[in-house]
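Colleague: Take this structure first; my questions come after.
The values are calculated or read from the model by the stated rules, or taken from the named source; none is laboratory data. Source: prediction; values computed, not measured. For neighbour counting, all protein chains shown are included, and Cβ atoms are generated from backbone atoms with ideal geometry for every residue, glycine included. Side chains included, ligands, DNA and RNA excluded: accessible areas come from the protein's heavy atoms. Shrake-Rupley method; radii C 1.70, N 1.55, O 1.52, S 1.80 Å.
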Amino acid sequence: MIGYIKGNIMSVSADGVLIETGGIGYEVLCSASALNSLSGKKQGELYTYLQVREDGVSLFGFSSLEEKNMFLKLITVSGVGPKLGIAVLAGMDSSSLAVAIASSDVKRLSTIKGLGKKTAERIILELREKVSEDLPLQKGEAQAAAVPVSDGDEDAMVALMTLGFTRAESSRAVEKAKAGGAATLEDIIRAALKSM
């Protein structure tokens, strides 16, 4: 198993790189962040996953262990192979993907090229608990995450988290907006943003 490669970047294409190490050039299909990290460099490193099938061997590259671990989770989902897994990571970075899965955001996942609604739902169904456990909770977020919330509140919180606020901040802002009389999703988000 080839789990890591470090060497000279021979060429970078739209979906991968040719990296030379020990006199051998490896063609590696890469995630978007891996391509960005190697673009314009003469040397680089990748965490890799080697797929061996009857019809060939493919090597997939990632910029970090976290990203590789997300990929490994994705390919455990039935109907998601390595090529779709790398396409998902090309459409969304691993931390945003984790938040989308943990918050059951089917719409957001479905915007990724090549990922249909049914596959997005399957990813959420099979990975939600695993991904939720891995999400880093900042101080105060553990309590906020433990409090049950309605679907409408969760949608508002996800919208705020997408804008960069923590789960705890989003939860407090949504509660404050509802206490102030906001009822619809749009009103809750608008009031929450004003209070932040």
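Colleague: Output the 0 to 90 degree angle, nearest 10, between the alpha-carbon long axis of helix 167-179 and the longest principal axis computed from the alpha carbons of the chain.
Modeller: 30 degrees
Colleague: What figure in square angstrom, to the nearest 10, would you give for the accessible area of residue 178 with a 1.4 Å probe?
Modeller: Using a 1.4 Å probe on the heavy atoms, I get roughly 80 Å².
Colleague: Specify which residue in the list 82, 97, 57 is farthest towards the positive end of the charge dipole of region 12-127, using unit charges on the beta carbon of Lys, Arg (+1) and Asp, Glu (-1), about the Cα centre.
Modeller: Going by the Cα projections, it comes out as 97.
Colleague: Take the alpha-carbon centre of region 19-36, take the same for region 65-84, and report the distance between them in whole Å.
Modeller: Going from one Cα centre to the other spans 18 Å.
Colleague: With springs only between Cα atoms under 10 Å apart, run a GNM on the chain and tell me which of 60, 71, 165 wobbles the most.
Modeller: Largest GNM mean-square fluctuation: 165.
Colleague: Right, next: By how many degrees, between 0 and 90 and to the nearest 10, does the Cα long axis of helix 151-162 differ from the longest principal axis of the chain?
Modeller: Compared with the principal axis, the helix lies near 50 degrees.
Colleague: Below 8 Å, C-alpha to C-alpha, sequence gap of six or more: please give me the relative contact order for the chain in percent.
Modeller: 12 percent
Colleague: Further question: So what's the chain giving for Cα Rg divided by 2.2 N^0.38 Å, two decimals?
Modeller: 1.20
Colleague: What residue among 22, 40, 79 has the largest mean-square fluctuation in a Gaussian network model of the chain, using Cα springs under 10 Å?
Modeller: Most flexible of the set in this elastic network: 22.
Colleague: Pull out a ≥ b ≥ c, the square roots of the eigenvalues of the alpha-carbon gyration tensor of region 42-89, then state rounded if a/c is under 1.5, prolate if not and a/b is larger than b/c, and oblate in the remaining case.
Modeller: Oblate.
Colleague: Run the helix sum for the chain: -39,500 (n - 2.57) per DSSP H stretch of 4+ residues, divided by residue count, reported at 222 nm to the nearest 500 deg cm²/dmol.
Modeller: When only DSSP H runs of four or more count, the value is -15000 deg cm²/dmol.
Colleague: Test of understanding: in a Gaussian network model of the chain with alpha carbons linked when under 10 Å, which of 53, 108, 128 would top the mean-square fluctuation ranking?
Modeller: Result for the chain, Cα springs under 10 Å: 53 fluctuates most.
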